[in-house]
Amino acid sequence: MVVDVDMFEDSLLESAGRIRTRRGLTTATSLALQSLLLAMLVSLPLFFTEALPAPLWLTRVLVSPPPPRGEPAPASASRAGASEIWGGRLRMPQRIPNSIAHIVEEQPPSSGSVGVPFGMPGGTDDGVLNSILSPGAVSRPLPPKPAISRLRVSQGVVEGLLIHQVKPEYPRIALQTRTQGAVVLHAIIGRDGTIASLQVASGHPMLVPAAIDAVRQWRYRPYTLNGDPVEVETSITVNFVLGN
């Protein structure tokens, strides 16, 4: 079998040349697309300038124009050291002052009549009409204290006020019958500390007369309420024990 070697070599060289040509075209196309994409990315901020921060040298400084001739200057500019405001905006100072002057505000004149504070008869300097804290104010009388004729007090409190106590005499009939126990009396003590009245609340009938006779002689310190002595209503217990 005879193979034409020259024809085979020519076909190989032709195929190699086509492959190289296709590779070069692909590389050039890729480079062109990448360059185009890079150029688009670089030029994109130029189309959307509002998203970029404004440089400092482009910032405008608004300076109000000086007032025209013949027009009076603003009231705030007449004071030394005060900020100048023109057209609702703060005007830039023409020069930097060496020192800051102390400004004293003027007090507005009083709108009231002469000699009467705030123009009201009977008014006071603190603005409170007839104030009790103001000199010369009219003070209102205090309401009268409620009259308390009698007060209910516990037996323990009354025992602390006792200043004179008479021991009851044990009845003979109670001794013979060996009767003992407690006698409870309902008592009213007057403003002077003496016993005003006594009533039997409980107790043995043999022991009650001796208890009443002894308690009538007892004396107490006057019970006071807000500095005034009052009558006291309380209970008094007298114990009768054999052997004492």
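Could you list, in sequence order, the residues of the range 197-223 that are over 17 Å from VAL166 (Cβ atoms), under 60 Å from the mean Cα position of the chain (by Cα) and of a type outside the set (Val, Ile, Thr)?
Within the range 197-223, SER197, GLN199, ALA201, SER202, PRO222, TYR223 qualify.
Pick from the range 163-211 the residues that are polar (S, T, N, Q) and in contact (Cβ under 8 Å) with a residue 40 or more places away in the chain: which of them is nearest to SER235 (Cα to Cα)?
Taking the candidates together, the pick is GLN165.
For a quick check of your reading: which strands (runs of 3 or more DSSP E) sit entirely within the range 163-230 and have at least 3 residues that are on the phi < 0 side of the Ramachandran plot and surrounded by fewer than 17 Cβ atoms within 10 Å (Cβ to Cβ)?
181-189, 195-202
Return yes when ILE148 is surrounded by fewer than 14 Cβ atoms within 10 Å (Cβ to Cβ), touching a residue at least 24 places away in the same chain (Cβ under 8 Å) and under 53 Å from the mean Cα position of the chain (by Cα) and no when it is not.
So ILE148 passes the test.
Within the range 140-162, take every residue that is modelled with pLDDT of 90 or more and touching an Asp or Glu at 6+ places or on another chain (Cβ under 9 Å) and give me the one that is farthest from THR237 (Cα to Cα).
ARG152
The values are calculated or read from the model by the stated rules, or taken from the named source; none is laboratory data. The model shown is predicted, which means the values in this text are computed figures rather than measured ones. Here Cβ is always computed from backbone atoms with ideal geometry, including for glycine, and neighbour counts include all displayed protein chains.
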